[in-house]
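The values are calculated or read from the model by the stated rules, or taken from the named source; none is laboratory data. Small disclaimer: the values here were computed from a predicted structure and weren't measured. Because the Cβ atoms are built from the backbone with ideal geometry, glycine has one as well, and the counts that use them run over all protein chains shown.
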């Protein structure tokens, strides 16, 4: 079963489903960060799966995956600009699919979670630490996970849209 890409007026794109997904991700992110602050705030770590998955509190004052630490204002502004850009892009893109809508709501929900942290905390609360021994993935949070999943879904959506556009072009050339 193929998902149809259709033209939908921008007012219909910002549906209850779109906002529900976005707000649920934001709330879930805020709740898990609140839990992490309480459970891990005193330097405590919780081993979930040995050394593979550990919960450990870290404040990220920089960008994605802890890059450019100590520049919270710059990333606050950049995150705000990214949120506005995504909302405008979503509203103005002529083609629309369910995958595209979910992807944008995932990215926006996660971005709002990290944006909120930058206002009320000394940095973004990260607490999910994964790796093997000294080979560790940068510590992250649920907002980061949803942003990453949303980005992958966006790529999938763009690839599907390009494939359908090519199919339409080929069919048009044959007729």
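Screening residue 57 against (1) outside any helix (DSSP H, G or I); (2) free of Cβ contacts under 8 Å to residues at least 24 places away in the same chain leaves a single unmet condition, (2). Among residues that are within 17 Å of the chain's Cα centre (by Cα), assigned to a strand (DSSP E or B), surrounded by 20 or more Cβ atoms within 10 Å (Cβ to Cβ) and at pLDDT 85 or above, residue 117 is not included.
Within segment 38-52, at least one residue is in a helix (DSSP H, G or I) and either modelled with pLDDT under 90 or surrounded by fewer than 16 Cβ atoms within 10 Å (Cβ to Cβ) (or both).
The set of residues in segment 123-144 that are outside any strand (DSSP E or B) and exposed (fewer than 11 other Cβ atoms within 10 Å of the Cβ) comprises 133, 134. Residue 95 passes every criterion in (1) over 16 Å from the mean Cα position of the chain (by Cα); (2) under 24 Å from residue 60 (Cα atoms); (3) at pLDDT below 95 apart from (2).
Within segment 69-90, none of the residues are assigned to a strand (DSSP E or B), crowded, with 18+ Cβ neighbours inside 10 Å and touching a residue at least 24 places away in the same chain (Cβ under 8 Å).
Here residue 24 fits the description: loosely packed, with under 14 Cβ neighbours inside 10 Å, within 16 Å of residue 102 (Cα to Cα) and modelled with pLDDT of 95 or more.
Restrict the check to segment 149-157 and report whether at least one residue is modelled with pLDDT under 90, closer than 21 Å to residue 14 by Cα and not in a helix (DSSP H, G or I). The answer is no, given that none of the residues of segment 149-157 is modelled with pLDDT under 90, closer than 21 Å to residue 14 by Cα and not in a helix (DSSP H, G or I).
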